[in-house]
1. Please enumerate the residues belonging to the stretch 103-130 that are in a loop (DSSP other than H, G, I, E, B) and touching a Lys or Arg at 6+ places or on another chain (Cβ under 9 Å).
2. Restricting to the stretch 148-168, name every residue that is modelled with pLDDT under 60 and in a loop (DSSP other than H, G, I, E, B).
3. Contact list please: Cβ distance under 8 Å, first residue in the stretch 174-185 and in contact (Cβ under 8 Å) with a residue 24 or more places away in the chain, second residue open to solvent by less than 50 Å² (accessible area, probe 1.4 Å) and of a type in the set (Asp, Glu), pairs at least six apart or on different chains.
4. Pairs, please: C-beta under 7 Å, at least 6 apart or cross-chain, first residue among the acidic types (Asp, Glu) and in the stretch 67-93, second surrounded by fewer than 21 Cβ atoms within 10 Å (Cβ to Cβ) and assigned to a helix (DSSP H, G or I)?
5. Which one of these is part of a loop (DSSP other than H, G, I, E, B) and among the aromatic types (Phe, Trp, Tyr): Tyr82, Tyr57?
6. Do you know which of the residues in the stretch 54-97 that are open to solvent by 20 Å² or more (accessible area, probe 1.4 Å) and among the small types (Gly, Ala, Ser) is modelled with the lowest pLDDT?
7. Considering only the stretch 12-21, I want to know if a residue exists there that is over 30 Å from Arg128 (Cα atoms) and of a type outside the set (Ser, Thr, Tyr).
8. Within the stretch 111-131, does at least one residue satisfy the condition of being of a type in the set (A, V, I, L, M) and open to solvent by 20 Å² or more (accessible area, probe 1.4 Å)?
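The values are calculated or read from the model by the stated rules, or taken from the named source; none is laboratory data. Fair warning: this is a prediction, and the values are worked out from it, not measured in the lab. We place every Cβ from the backbone using ideal geometry, glycine too, and count neighbours over all the protein chains shown. Heads up: the accessible areas ignore ligands, DNA and RNA and are worked out on the full protein's heavy atoms, side chains in. Shrake-Rupley method; radii C 1.70, N 1.55, O 1.52, S 1.80 Å.
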Amino acid sequence: MDKNLFIKECKVKLSSLEKKLNLIEAKFQNEKVDLCERALMEIDIPVREIKILLAEYKFEALAEEVYFFKIVKPQFISKFIYYSKLLSIEVAIPNAGKAILKEYFECELLTLKTFYDQYTDFYEYYRRKATFLDDKYFVRNQFDLKIKLETGLYDYDEKFATSHDHIVSKIIANDLLEKYLLESIKNIDGYTFKESEEKLILLWSSSKSSLVELLYALYCSHAFNGGNIEFSEIVRYTEKTLNIDLGNFYKTIHEIKNRKTNKTKFLQLLNENLSNKLLEDD
């Protein structure tokens, strides 16, 4: 594919996506969960299409590759991260008084600050529009182990990711989330607590290691957010939703890997129980 045609195609897809997202925002502005789910489905389409185009395309120069991974790709992925995180925030909003609600949003803001603190050097580099390390940050398979890297780097598709393009996407997404959270806090004065007549409580009744095994299997299968999410985020969301503390889940994964027999015993149990149930229903 011609160089200009590839970038042009990406920009056309971005323009089309932004128009669709604007329509979704307008139509479902009072239904945040539906809004996020529809937005994520729309974003997933062009991302997959660009991934296919890129697999068949070879960059003619480093500057071109840098431009794609530093400027173009993050404009898509940041939207996916934003709506994914917004969805997780919205579905977990406590049905409580103003003080608790405010604390909830402030905790989410603190999470954003933690991310900025973790990547202070790169955050400054990106905000200053510096370029002297672009060949390390935004060229595939060129990362420097002396530079701070994401813990999930090796989980990314090396043909569709560099060491830092995902961090740029998170920075852009976090800017949008910060605006949303500050606005939510500002609007709390108009919030009215609604007592729930019936509240479903879902409790995990199997072992914690079984839950970690299940979540890790889903994570490895890219079952959440098209794979654009860290395992720790999946665990945190699950802990919040099921009101459970999974402790040092990385240690649990290590223990699962070191099982001498039947490493995936819970997944096998699920398979057996499902197969038996399907046979019974027949």
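1. First, pick out the residues of the stretch 103-130 that are in a loop (DSSP other than H, G, I, E, B): 119, 128-130.
Scanning the stretch 103-130 gives a single hit, Tyr119.
2. Applying the first criterion (modelled with pLDDT under 60) to the stretch 148-168 yields 148-155.
The answer is Lys148, Leu149, Glu150, Thr151, Gly152.
3. Leu177/Glu108; Leu181/Glu108
4. Glu90/Lys32; Glu90/Val33
5. Working: Tyr82 fails: part of a loop (DSSP other than H, G, I, E, B).
Result: Tyr57 is the single residue among Tyr82, Tyr57 that is part of a loop (DSSP other than H, G, I, E, B) and among the aromatic types (Phe, Trp, Tyr).
6. Gly97
7. Initially, the stretch 12-21 is screened for residues over 30 Å from Arg128 (Cα atoms), giving 20.
Next, only the ones that are of a type outside the set (Ser, Thr, Tyr) stay: 20.
Yes, some residue in the stretch 12-21 is over 30 Å from Arg128 (Cα atoms) and of a type outside the set (Ser, Thr, Tyr).
8. Pass one, the stretch 111-131, residues of a type in the set (A, V, I, L, M): 112, 130.
Among the residues that remain, those that are also open to solvent by 20 Å² or more (accessible area, probe 1.4 Å) are: none.
Checked the stretch 111-131: no residue is of a type in the set (A, V, I, L, M) and open to solvent by 20 Å² or more (accessible area, probe 1.4 Å).
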